[in-house]
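Contents: one structure, followed by commentary.
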Amino acid sequence: NWTPHNFVEMAVSELIEKLKDDKVLLGLSGGVDSSVAAMLLHKAIGENLYCIFVDNGLLRKNEYEEVLHSYKDMGLNVRGVDAKEKFYDALAGISDPEEKRKAIGRIFIDVFDEAAHQVKDVKWLAQGTIYPDVIESISVNGPSATIKSHHNVGGLPDFMKLKVVEPLRALFKDEVRLVGKDMDVPQEILGRHPFPGPGLAIRILGDITSEKVRILQEVDHIFISNLKSSGEYDNVWQAGAILLPVQSVGVMGDERTYENAVALRAVTSTDGMTADWCHLPYTLLGKISNEIINRVKGINRVVYDISSKPPATIEWE
Ligand code: XMP
């Protein structure tokens, strides 16, 4: 019978047999799947697992530092790569959503390939692919998806020529969480909302600058912190803020302001294919709106997205 504990024992012994003394490379995203895959491999081959965690400058506020810290606490052999400026340079002036995704995919591959070359004699590429990714063929979550959907034309980068190992291929998401729990992966990682690979880039409508990213990180941080402190976080499947390319008039004291609007989005869903907007309490929405407008310079209006999917999508881009 299937239990998370049995799965871990079986998977670990299979990985030991398959990988022997080989070195394995894995790109961590901060998400559930890549983290649980890493922990399984770590149990099996220890220091022969080389993890890479890229800061693309499009993560949530403080996320890079916090997640890197958790990974180190978990005992993972992980290297953080700060590539923020490379991503911002590549994104400069780009407003089209698909062009943003392509630019991000391309830079991710370059950065990851360079980091991969620093692991001598690496034989395998591990991925956190789970069963729904396998059946959908194009997955939408995590770095593995970025890799698959953005093959560059000039031939494959070297890391893509590695043999692939995918220890979670047979599991559904809820099983991945149980397996992670059995291995003591921290709840702050297991309970995390899904977050798109291109990150805040697709939540800044129009072109991206580091200043817009900073503003959106502040807004998002206030939103998510309030969801957590009010106990609503676990009732929500995914939440985030969107920086709109819209300015509107406001008043601040005696002054007239003309500043940006942000939209808040929170949905319930089981797999992201369909979604309902969350009926968050008005008092909570009011508190969040006040905090955002009072604390984040440059924002004078907050709106709440009450569209469901379909026909709206979860992200705005
Ligand atoms: P939509 O907006 O299509 O999103 O309703 C469904 C789910 O997919 C995520 N998403 C992405 N994830 N790369 C990703 O890794 C992407 O380009 C991307 N676009 C959307 C979205 O956050 C939601 O969970």
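Between LEU285 and LYS20, what's the calculated FRET efficiency when r is the beta-carbon distance and R0 is 45 Å? Round to 0.05. Mind dumping the intermediate values first?
On the way: r = 55 Å, r/R0 = 1.22.
The calculated FRET efficiency here is 0.25.
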Extension gain (nm, one decimal) between GLU188 and TYR304, 0.36 nm per residue minus Cα-Cα:
39.2 nm
Calculated FRET efficiency, TYR131 and SER248, Cβ-Cβ r, R0 35 Å, to nearest 0.05?
0.15
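Would you work out the charge dipole size for segment 4-190 about its Cα centre, treating the Cβ of every Lys and Arg as +1 and the Cβ of every Asp and Glu as -1, and quote it to the nearest 20 debye? Can you show the working numbers first?
On the way: 23 positive and 31 negative charges, 57 e Å.
Using only the charged Cβ atoms, the result is roughly 280 debye.
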On Cα atoms only, tilt of 63-73 relative to the major axis of the chain in degrees
30 degrees
Size of charge dipole - the chain - debye, nearest 20, with Cβ of Lys, Arg +1 and Asp, Glu -1, no other charges
140 debye
Crossing angle, helix 210-229 versus the chain [Cα axis fit, 0-90 degrees, rounded to tens]:
80 degrees
Amide H contacts under 5 Å for LEU125, placed H, 5+ residues apart
LEU25, LYS163, VAL164, VAL165
Using only DSSP helix segments of four residues or longer, with each worth -39500 (n - 2.57), what per-residue ellipticity at 222 nm results for the chain after dividing by its residue count and rounding to 500?
-13000 deg cm²/dmol
Counting DSSP beta bridges with both ends in the chain, the antiparallel % (nearest 5)
40 percent
Mind jotting down the distance between the C-alpha centroids of segment 189-218 and segment 81-116, whole Å?
14 Å
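Please list, by residue number, every one of the trypsin sites (Lys or Arg not before Pro) in segment 218-316 that is coil in DSSP and has at most 16 other beta-carbon atoms within 10 Å.
Working: sites: LYS228, ARG256, ARG265, LYS287, ARG295, LYS297, ARG301; in loops: LYS297.
Qualifying residues, ordered by number: LYS297.
For the pairs LYS18/LYS102; LYS23/LYS43; LYS72/LYS212; LYS23/LYS86; LYS61/LYS228, flag any whose C-alpha to C-alpha distance is greater than 23 Å.
Working: LYS18/LYS102 34 Å; LYS23/LYS43 14 Å; LYS72/LYS212 30 Å; LYS23/LYS86 28 Å; LYS61/LYS228 15 Å.
Correct reply: LYS18/LYS102; LYS72/LYS212; LYS23/LYS86.
Between HIS5 and ASN294, what is 0.36 nm times their sequence separation minus the Cα-Cα distance? Round to one decimal in nm.
Numbers: separation 289, 0.36 × 289 = 104.04 nm, distance 4.83 nm.
Gain on extension, HIS5 to ASN294, equals 99.2 nm.
So which GluC sites (Glu not before Pro) in segment 62-131 are both in a DSSP loop and have at most 14 other Cβ atoms within 10 Å of their Cβ? It would help to have the intermediate numbers written out before the result.
Values: sites: GLU63, GLU65, GLU66, GLU85, GLU98, GLU99, GLU114; in loops: none.
The qualifying sites: there are none.
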Projected onto the charge dipole of segment 181-236 (unit charges on the beta-carbon of Lys, Arg, Asp and Glu, signs +1, +1, -1, -1), the Cα from THR209, VAL219, GLY231 with the largest positive-side position is that of THR209
In whole µm²/s, the translational diffusion coefficient that Stokes-Einstein assigns to segment 4-190, given a Kirkwood hydrodynamic radius over C-alpha pairs, 10 °C and 1.306 mPa s, equals 94 µm²/s
How far is the Cα center of segment 1-66 from the Cα center of segment 239-317, in Å?
35 Å
On C-alpha positions alone, give me the angle between the axis of helix 97-117 and the longest principal axis of the chain, in degrees, nearest 10.
40 degrees
The answer for chymotrypsin sites (Phe, Trp or Tyr not before Pro) in segment 1-57 that fall in a DSSP coil and have at most 12 neighbouring Cβ atoms within 10 Å is TRP2
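Rule-based calculations on the coordinates, nothing more; no lab input. Just so we're clear, the structure is a prediction, and the values are computed from it rather than from any experiment. A quick note on method: Cβ atoms are made from the backbone with ideal geometry, for glycine too, and the neighbour counts reach across all protein chains shown.
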